[in-house]
1. Restricting to segment 169-202, and then to whatever is part of a loop (DSSP other than H, G, I, E, B) and out of contact with any Cys (no Cβ under 9 Å at 6 or more places or on another chain), can you tell me which residue is least open to solvent (accessible area, probe 1.4 Å)?
2. Which of the following residues is at pLDDT below 95 and under 24 Å from the mean Cα position of the chain (by Cα): Lys47, Lys85?
3. Say we look at segment 213-238 and pick out the residues that are over 24 Å from Phe57 (Cβ atoms) and of a type in the set (Val, Ile, Thr); which of these is surrounded by the most Cβ atoms within 10 Å (Cβ to Cβ)?
4. Of all residues in segment 26-48, how many are hydrophobic (A, V, I, L, M, F, W, C) and surrounded by 18 or more Cβ atoms within 10 Å (Cβ to Cβ)?
5. Kindly establish whether Ile114 is open to solvent by less than 20 Å² (accessible area, probe 1.4 Å) and in contact (Cβ under 8 Å) with a residue 24 or more places away in the chain.
6. Cβ-Cβ below 8 Å, separation at least six or inter-chain, first residue in segment 200-227 and within 14 Å of Pro185 (Cα to Cα), second among the hydroxyl-bearing types (Ser, Thr, Tyr) and open to solvent by 70 Å² or more (accessible area, probe 1.4 Å): which pairs?
7. Give me a count of the residues in segment 239-256 that are open to solvent by less than 60 Å² (accessible area, probe 1.4 Å) and touching a residue at least 60 places away in the same chain (Cβ under 8 Å).
Amino acid sequence: MEKKETKEEPAPAPAEQENGPLIEDEIERSKVGIMRALCDRQDPETKEVDDLMIRRFLRARDLDIEKASTMFLKYLTWKRSMLPKGHIPEAEIANDLSHNKVCMQGHDKMGRPIVVAIGNRHNPSKGNPDEFKRFFVYTLEKICARMPRGQEKFVSIGDLQGWGYSNCDIRGYLAALSTLQDCYPERLGKLYIVHAPYIFMTAWKVIYPLIDANTKKKIVFVENKKLTPTLLEDIDESQLPDIYGGKLPLVPIQET
(Lines give C-alpha, C1' and ligand atoms only; values in the text may rest on other atoms or scores of the structure.)
Protein backbone atom coordinates (compact mmCIF):
# COMPACT_ATOMS: atom_id res chain seq x y z
CA MET A 1 0.00 0.00 0.00
CA GLU A 2 1.38 3.37 -1.02
CA LYS A 3 2.23 5.68 1.82
CA LYS A 4 0.88 9.19 1.41
CA GLU A 5 3.29 11.99 1.96
CA THR A 6 2.12 14.61 4.42
CA LYS A 7 3.29 18.12 3.94
CA GLU A 8 4.42 19.70 7.16
CA GLU A 9 3.50 23.27 7.87
CA PRO A 10 6.57 25.51 8.11
CA ALA A 11 7.42 26.64 11.63
CA PRO A 12 6.88 30.32 12.35
CA ALA A 13 9.91 32.54 11.99
CA PRO A 14 11.78 33.08 15.26
CA ALA A 15 10.82 36.75 15.36
CA GLU A 16 7.17 35.80 15.20
CA GLN A 17 7.48 33.01 17.75
CA GLU A 18 9.46 34.89 20.35
CA ASN A 19 9.01 38.54 19.63
CA GLY A 20 5.42 38.98 18.55
CA PRO A 21 4.27 39.93 15.04
CA LEU A 22 6.83 40.11 12.26
CA ILE A 23 7.96 43.55 11.16
CA GLU A 24 6.76 43.86 7.58
CA ASP A 25 8.96 46.73 6.43
CA GLU A 26 12.16 45.20 5.05
CA ILE A 27 14.40 48.16 5.97
CA GLU A 28 13.08 48.30 9.53
CA ARG A 29 13.39 44.53 9.91
CA SER A 30 16.99 44.60 8.72
CA LYS A 31 17.93 47.49 11.01
CA VAL A 32 16.24 45.86 13.99
CA GLY A 33 18.40 42.77 13.44
CA ILE A 34 21.59 44.80 13.18
CA MET A 35 20.75 46.90 16.24
CA ARG A 36 19.85 43.81 18.27
CA ALA A 37 23.21 42.19 17.45
CA LEU A 38 25.15 45.35 18.32
CA CYS A 39 23.34 45.94 21.61
CA ASP A 40 23.49 42.29 22.65
CA ARG A 41 27.29 42.46 22.64
CA GLN A 42 27.18 45.27 25.19
CA ASP A 43 24.16 44.22 27.25
CA PRO A 44 22.85 40.62 27.24
CA GLU A 45 19.45 41.83 28.50
CA THR A 46 18.82 42.88 24.90
CA LYS A 47 17.67 39.26 24.37
CA GLU A 48 14.73 39.86 26.74
CA VAL A 49 13.06 42.57 24.64
CA ASP A 50 10.98 42.04 21.51
CA ASP A 51 11.63 43.39 18.04
CA LEU A 52 8.85 45.94 18.34
CA MET A 53 10.56 47.62 21.29
CA ILE A 54 13.82 47.88 19.36
CA ARG A 55 11.87 49.29 16.42
CA ARG A 56 10.34 51.98 18.67
CA PHE A 57 13.80 53.15 19.67
CA LEU A 58 14.89 53.13 16.02
CA ARG A 59 11.86 55.16 14.97
CA ALA A 60 12.52 57.65 17.76
CA ARG A 61 15.93 58.27 16.19
CA ASP A 62 14.76 58.26 12.56
CA LEU A 63 16.15 54.74 12.00
CA ASP A 64 19.71 55.82 12.88
CA ILE A 65 21.13 52.59 14.34
CA GLU A 66 23.99 54.24 16.23
CA LYS A 67 21.80 56.86 17.92
CA ALA A 68 19.02 54.36 18.64
CA SER A 69 21.49 51.86 20.13
CA THR A 70 22.93 54.48 22.47
CA MET A 71 19.43 55.45 23.56
CA PHE A 72 18.35 51.82 24.05
CA LEU A 73 21.41 50.82 26.10
CA LYS A 74 20.84 53.82 28.38
CA TYR A 75 17.25 52.64 28.78
CA LEU A 76 18.35 49.16 29.88
CA THR A 77 20.65 50.68 32.52
CA TRP A 78 17.83 52.98 33.67
CA LYS A 79 15.38 50.08 33.87
CA ARG A 80 17.65 48.05 36.15
CA SER A 81 17.83 51.01 38.50
CA MET A 82 14.18 52.14 38.34
CA LEU A 83 12.52 48.71 38.08
CA PRO A 84 14.76 46.26 39.97
CA LYS A 85 11.70 44.12 40.79
CA GLY A 86 10.27 44.47 37.30
CA HIS A 87 7.49 46.74 38.57
CA ILE A 88 6.83 49.66 40.93
CA PRO A 89 5.24 48.41 44.18
CA GLU A 90 2.16 50.47 45.05
CA ALA A 91 3.42 50.80 48.62
CA GLU A 92 6.26 52.97 47.29
CA ILE A 93 3.88 55.46 45.68
CA ALA A 94 1.01 55.42 48.16
CA ASN A 95 0.85 59.22 48.50
CA ASP A 96 0.54 59.89 44.76
CA LEU A 97 -1.97 57.07 44.32
CA SER A 98 -4.14 58.40 47.15
CA HIS A 99 -4.92 61.57 45.18
CA ASN A 100 -6.45 59.63 42.24
CA LYS A 101 -4.71 62.02 39.86
CA VAL A 102 -4.53 59.49 37.03
CA CYS A 103 -7.43 57.38 35.75
CA MET A 104 -7.59 54.79 33.00
CA GLN A 105 -10.63 53.50 31.20
CA GLY A 106 -11.65 52.74 27.62
CA HIS A 107 -9.94 52.65 24.21
CA ASP A 108 -10.07 54.98 21.22
CA LYS A 109 -11.25 53.90 17.76
CA MET A 110 -7.76 52.54 16.98
CA GLY A 111 -7.73 50.36 20.10
CA ARG A 112 -5.32 52.58 22.01
CA PRO A 113 -5.96 52.66 25.79
CA ILE A 114 -7.06 56.01 27.23
CA VAL A 115 -5.48 57.54 30.32
CA VAL A 116 -6.71 60.75 31.98
CA ALA A 117 -4.39 62.91 34.09
CA ILE A 118 -6.17 65.41 36.36
CA GLY A 119 -3.83 68.34 36.90
CA ASN A 120 -5.47 70.00 39.89
CA ARG A 121 -5.04 66.84 41.98
CA HIS A 122 -1.25 67.13 41.82
CA ASN A 123 0.28 69.27 44.55
CA PRO A 124 4.11 69.15 44.53
CA SER A 125 4.40 70.84 47.94
CA LYS A 126 2.68 67.81 49.50
CA GLY A 127 4.62 65.24 47.55
CA ASN A 128 8.09 63.86 46.95
CA PRO A 129 9.88 64.33 43.57
CA ASP A 130 11.35 60.82 43.61
CA GLU A 131 7.99 59.28 44.43
CA PHE A 132 6.39 61.23 41.59
CA LYS A 133 8.99 59.84 39.16
CA ARG A 134 8.18 56.31 40.31
CA PHE A 135 4.47 57.07 40.08
CA PHE A 136 4.87 58.22 36.48
CA VAL A 137 6.77 55.03 35.59
CA TYR A 138 4.09 52.96 37.36
CA THR A 139 1.49 54.73 35.20
CA LEU A 140 3.34 54.07 31.95
CA GLU A 141 3.90 50.42 32.86
CA LYS A 142 0.19 50.01 33.61
CA ILE A 143 -0.79 51.60 30.31
CA CYS A 144 1.62 49.45 28.30
CA ALA A 145 0.40 46.29 30.03
CA ARG A 146 -3.17 47.16 29.01
CA MET A 147 -2.42 47.51 25.30
CA PRO A 148 -4.03 44.85 23.12
CA ARG A 149 -1.78 42.69 20.96
CA GLY A 150 -0.53 44.61 17.96
CA GLN A 151 -1.04 48.00 19.60
CA GLU A 152 1.96 50.04 20.75
CA LYS A 153 0.52 53.43 21.62
CA PHE A 154 -1.82 55.06 24.12
CA VAL A 155 -3.95 58.20 24.18
CA SER A 156 -3.87 60.68 27.05
CA ILE A 157 -6.21 63.44 28.15
CA GLY A 158 -4.51 66.06 30.29
CA ASP A 159 -7.33 67.79 32.19
CA LEU A 160 -6.28 71.16 33.63
CA GLN A 161 -9.63 72.35 34.95
CA GLY A 162 -9.01 74.17 38.23
CA TRP A 163 -5.24 74.05 37.71
CA GLY A 164 -3.37 76.83 39.53
CA TYR A 165 0.07 77.81 40.71
CA SER A 166 -0.12 75.38 43.65
CA ASN A 167 -0.35 72.57 41.09
CA CYS A 168 2.54 73.81 38.96
CA ASP A 169 5.48 71.40 39.02
CA ILE A 170 7.98 72.27 36.30
CA ARG A 171 10.56 69.93 37.75
CA GLY A 172 8.09 67.04 37.82
CA TYR A 173 6.78 67.78 34.32
CA LEU A 174 10.30 67.82 32.87
CA ALA A 175 11.20 64.57 34.64
CA ALA A 176 8.04 62.95 33.25
CA LEU A 177 8.77 64.28 29.75
CA SER A 178 12.32 62.94 29.88
CA THR A 179 11.11 59.52 31.00
CA LEU A 180 8.46 59.35 28.29
CA GLN A 181 10.79 60.41 25.49
CA ASP A 182 13.94 58.54 26.54
CA CYS A 183 12.53 55.33 28.04
CA TYR A 184 9.11 54.89 26.40
CA PRO A 185 9.68 56.28 22.89
CA GLU A 186 6.89 56.02 20.33
CA ARG A 187 4.35 55.04 23.00
CA LEU A 188 2.31 58.25 23.03
CA GLY A 189 -0.26 58.27 20.25
CA LYS A 190 -2.00 61.53 21.10
CA LEU A 191 -2.26 63.97 23.99
CA TYR A 192 -5.36 66.12 24.33
CA ILE A 193 -4.89 69.07 26.69
CA VAL A 194 -8.33 70.20 27.88
CA HIS A 195 -9.62 73.00 30.12
CA ALA A 196 -6.22 74.71 30.02
CA PRO A 197 -6.33 78.01 31.96
CA TYR A 198 -4.40 81.01 30.72
CA ILE A 199 -1.92 80.82 33.62
CA PHE A 200 -0.85 77.34 32.47
CA MET A 201 0.77 78.89 29.40
CA THR A 202 3.55 80.28 31.60
CA ALA A 203 4.58 76.74 32.49
CA TRP A 204 3.99 75.56 28.92
CA LYS A 205 6.51 78.07 27.56
CA VAL A 206 9.19 76.43 29.71
CA ILE A 207 8.26 72.87 28.77
CA TYR A 208 7.49 73.22 25.05
CA PRO A 209 11.05 73.82 23.74
CA LEU A 210 12.19 70.55 25.37
CA ILE A 211 9.55 68.42 23.65
CA ASP A 212 10.93 66.58 20.62
CA ALA A 213 9.49 67.31 17.20
CA ASN A 214 7.66 63.96 16.86
CA THR A 215 5.95 64.39 20.23
CA LYS A 216 4.90 67.97 19.49
CA LYS A 217 2.87 66.72 16.53
CA LYS A 218 0.80 64.54 18.87
CA ILE A 219 -0.29 67.31 21.25
CA VAL A 220 -3.65 69.01 20.74
CA PHE A 221 -5.10 71.86 22.82
CA VAL A 222 -8.88 71.50 22.76
CA GLU A 223 -11.24 74.45 23.10
CA ASN A 224 -13.90 74.05 25.79
CA LYS A 225 -16.78 74.63 23.37
CA LYS A 226 -15.45 71.94 21.02
CA LEU A 227 -14.40 69.46 23.71
CA THR A 228 -16.91 66.63 23.28
CA PRO A 229 -17.12 66.77 19.45
CA THR A 230 -13.31 66.80 19.19
CA LEU A 231 -12.89 63.78 21.46
CA LEU A 232 -15.71 61.92 19.71
CA GLU A 233 -13.79 62.14 16.44
CA ASP A 234 -11.31 59.60 17.82
CA ILE A 235 -13.22 57.96 20.68
CA ASP A 236 -16.63 56.26 20.58
CA GLU A 237 -19.19 57.56 23.05
CA SER A 238 -19.22 54.15 24.76
CA GLN A 239 -15.48 54.48 25.46
CA LEU A 240 -15.32 58.18 26.31
CA PRO A 241 -15.16 59.21 30.01
CA ASP A 242 -18.53 60.49 31.22
CA ILE A 243 -17.08 63.84 32.33
CA TYR A 244 -16.49 64.61 28.62
CA GLY A 245 -19.92 63.54 27.41
CA GLY A 246 -19.27 59.81 27.13
CA LYS A 247 -20.56 56.80 29.04
CA LEU A 248 -17.59 55.46 30.99
CA PRO A 249 -16.90 56.51 34.59
CA LEU A 250 -13.34 57.49 35.47
CA VAL A 251 -11.50 54.72 37.30
CA PRO A 252 -8.31 55.45 39.30
CA ILE A 253 -5.39 53.68 37.65
CA GLN A 254 -4.62 51.55 40.71
CA GLU A 255 -8.13 50.06 40.51
CA THR A 256 -7.86 48.99 36.86
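The values are calculated or read from the model by the stated rules, or taken from the named source; none is laboratory data. Remember, it's a predicted structure, so these values are computed and weren't measured experimentally. No Cβ is skipped: glycine too gets one built from the backbone with ideal geometry, and neighbour counts run over all protein chains shown. Surface accessibility is based on the protein's heavy atoms, side chains included, excluding ligands, DNA and RNA. Shrake-Rupley method; radii C 1.70, N 1.55, O 1.52, S 1.80 Å.
1. Across segment 169-202, the extreme among qualifying residues is Pro185.
2. Lys85
3. Ranking the candidates gives Ile235 first.
4. 3
5. yes
6. Matching pairs, first to second residue: Lys216/Tyr208.
7. Number of matching residues: 11.
Here's the yes/no breakdown for (1) over 25 Å from Glu223 (Cβ atoms); (2) open to solvent by 50 Å² or more (accessible area, probe 1.4 Å):
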{"position": "Asp130", "(1), (2)": "yes, yes"}
{"position": "Cys144", "(1), (2)": "yes, no"}
{"position": "Met147", "(1), (2)": "yes, no"}
{"position": "Gly158", "(1), (2)": "no, no"}
